[in-house]
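The values are calculated or read from the model by the stated rules, or taken from the named source; none is laboratory data. In this text the structure is predicted, and so the values were computed from the model without any measurement. A quick note on method: Cβ atoms are made from the backbone with ideal geometry, for glycine too, and the neighbour counts reach across all protein chains shown. The area values use the complete protein model at the heavy-atom level, side chains included, leaving out ligands, DNA and RNA. Shrake-Rupley method; radii C 1.70, N 1.55, O 1.52, S 1.80 Å.
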Amino acid sequence: MRYRRFTFKLCFNTFALLLVLCALFAGLLDAGITGSQALKNRLQLFLKNPSLKNVSCGISIVSVHKNVSLFTYRNNDLFSVASNMKLLTASAALKCLGPDFEYKTSIIARGKITTSGELRGDIVMKGSGDPNISGRFYQGNILAIPEAWAEATRRKGIQSITGDIIADDRIFDRISTNPNWPENQLSEWYCAPSCGLSFNDNCVDITLVPDRKPGSLVKLLVEPRTSYFTINNSCVYTSKKKEHLYSIRRKPETNEISIKGKFWVNSAPEKAWVSVHNPALYLATVFKETLEKNGIPVYGSVRLIDEGDFVSSEENVITETTSTMEQTIQVMNKQSQNFYAEQIMKTLGAQMKGRGTLEAGIEVVQDFMDEIGFQPEEYHIDDGCGLSKENRLSPKMITALLAYMSKQPHGKVLWDSLPISGVDGGLRRRMHASKYKSKIRAKTGYIARTSALSGYVDTTHGEVLAFSILMNNFQNLTVVRKIQDDICQAIVDYYQ
């Protein structure tokens, strides 16, 4: 009898425990549903902001690990995406070429090197589309790479060159800018041309330096110092702050740069980056001047390679410079470098299709999109960087892309390349409160009447959420950016 009472009591206690556990589970489930609904309600409230009355807006938020959609708003509609295009360009490059893909620029002596050190022939600079030939990885020394090439030339025993410095840029075509880019902005750094042989982001750096002499010409610090371009400076100092206004423009299809206007005497130095025409000749010219500065005269000219150039049996590689796709993607996304994106796009075409053209690059990206589950007729790609307004993607496509990449072997490279909230890149001054700092990794994007923010939210529970917020046809950029930030912060609040 005592045994039966014990058994009954044990069964009753077990049953009670099960009821408690079920209640707890139901409570947790209900809390989750309530929390999810509360987030949706809050996001819907943001979308009712009067400032968005005539704004086209699309949002997609998904759980990467659970493969579940958490919130959508016009997520299948197509929008102009600005620099969010770089997410697609970077992802296609990582998938097709990998982070260890190596750009290689070769400096080749073509001809006989005599015992007296005379190269009876030319030096050929063979480009691979590398965008990293600059001072970016050399403590800001713009001439670091040309100087290393000159030193390698000397070590090869070459003391003079009878022929030319030839720029071999044939890895890419010579269509350097997109016809859908703003024509009146082509001298700006963000419109720098693409080229198979590039230098210093295909720009010249010009710093206007303050002085205490109103009426005198503004002093300029120009890097690199080269004869490749001319500067017509009529900008003068002014003692009146309200007159501080100037312009820097390059005449189309030339390397003539004009600086006009007035510069306030008490201003801090101001730096501008002006794109150059024909980047391959730019690098070849700087290299020739660097050789001569280092005591190696060049008696020929600087020119592009042409069909008449023959392959010599006497060719010696003097030196090679390399960089990786991982480096390139890091710069492109952290600094939103359009030039880098266009170089990557043509690299995809050259390596995967045998044609270093934008069109071939787009074909590769379309193949990649097909793998994710989207057909070419569902979207439109017009460049690699997002400067063209003709690019059209949906929020769903971008979150699908981000979710897909998070599960790929090289997904961390994309993750690491994205600006971090309150820390760096385009997010260094956004969402910087301690609660949100470092919680969001996302690519910003802006062109006229288009603002985009897409990336990842890292929750405290280890959950990773992918999101895309695309906004078109707005009037006030500050307002839409704040709404984007509010949405991201709300996600952090409800998933911390």
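The table below lists the values:
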read-out	value
Failed criterion for Lys86 (all others in (1) more than 16 Å from Leu401 (Cβ to Cβ); (2) out of contact with any Leu (no Cβ under 8 Å at 6 or more places or on another chain); (3) touching a residue at least 60 places away in the same chain (Cβ under 8 Å) hold)	(1)
Of all residues in the range 439-453 being out of contact with any Asp or Glu (no Cβ under 8 Å at 6 or more places or on another chain) and open to solvent by 10 Å² or more (accessible area, probe 1.4 Å), the one that is nearest to Asn84 (Cα to Cα)	Thr444
Test for Ser434: is it open to solvent by 20 Å² or more (accessible area, probe 1.4 Å), over 19 Å from the mean Cα position of the chain (by Cα), among the small types (Gly, Ala, Ser) and within 30 Å of Asp100 (Cα to Cα)	no
Residue selected from the range 271-303 under the condition touching a helix residue (DSSP H, G or I) at 6+ places or on another chain (Cβ under 8 Å) and hydroxyl-bearing (Ser, Thr, Tyr), by the criterion surrounded by the most Cβ atoms within 10 Å (Cβ to Cβ)	Tyr282
Boolean, Gln489 is open to solvent by less than 10 Å² (accessible area, probe 1.4 Å) and either within 21 Å of the chain's Cα centre (by Cα) or more than 20 Å from Ala341 (Cβ to Cβ) (or both)	no
Residues of the range 251-270 classified as open to solvent by 20 Å² or more (accessible area, probe 1.4 Å) and over 30 Å from Phe172 (Cα atoms), total	8
Some residue of the range 312-322 being within 25 Å of Leu186 (Cβ to Cβ), assigned to a loop (DSSP other than H, G, I, E, B) and either small (Gly, Ala, Ser) or modelled with pLDDT of 95 or more (or both)	no
Residue in the range 395-410 that is closer than 27 Å to Thr177 by Cα and open to solvent by 10 Å² or more (accessible area, probe 1.4 Å) present	yes
Pair list, Cβ < 6 Å and 6+ apart or interchain, from the range 388-404 residues that are under 13 Å from Met369 (Cβ atoms) and in a helix (DSSP H, G or I) to residues that are open to solvent by less than 10 Å² (accessible area, probe 1.4 Å) and of a type in the set (Gly, Ala, Ser)	Lys396/Ser60; Ile398/Ser454; Ile398/Ser468; Leu401/Ser91
Only listed residue being open to solvent by 30 Å² or more (accessible area, probe 1.4 Å), hydroxyl-bearing (Ser, Thr, Tyr) and in contact (Cβ under 8 Å) with a residue 24 or more places away in the chain, chosen from Tyr495, Tyr456	Tyr495
Some residue of the range 170-184 being over 30 Å from Ile447 (Cα atoms) and touching a residue at least 24 places away in the same chain (Cβ under 8 Å)	yes
Residues within the range 216-233 that are among the polar types (S, T, N, Q) and either farther than 15 Å from Arg250 by Cβ or in contact with a Pro (Cβ under 8 Å, 6 or more places away or on another chain) (or both), tallied	2
Pairs where the first residue, in the range 129-142, is open to solvent by less than 50 Å² (accessible area, probe 1.4 Å) and the second is of a type in the set (Phe, Trp, Tyr) and assigned to a loop (DSSP other than H, G, I, E, B), C-beta under 9 Å, 6+ apart	Gly129/Phe172; Ile133/Phe199; Ser134/Phe199; Ile142/Phe199
Residue within the range 450-473 that is more than 14 Å from Val492 (Cβ to Cβ), of a type in the set (Phe, Trp, Tyr) and within 18 Å of the chain's Cα centre (by Cα) present	no
Some residue of the range 275-286 being under 20 Å from Pro146 (Cα atoms) and in a strand (DSSP E or B)	yes
Entirely in the range 411-496, the strands (runs of 3 or more DSSP E) that have 1 or more residues that are over 20 Å from Gly386 (Cβ atoms) and at pLDDT below 95	450-458, 464-472
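Okay, residues lined up against (1) of a type in the set (A, V, I, L, M, F, W, C); (2) free of Cβ contacts under 8 Å to residues at least 60 places away in the same chain; (3) more than 28 Å from Trp189 (Cβ to Cβ):
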site: Gly361; (1), (2), (3): no, yes, no
site: Val364; (1), (2), (3): yes, no, no
site: Asp370; (1), (2), (3): no, yes, yes
site: Gly373; (1), (2), (3): no, yes, yes
site: Glu377; (1), (2), (3): no, yes, yes
site: Asp383; (1), (2), (3): no, no, no
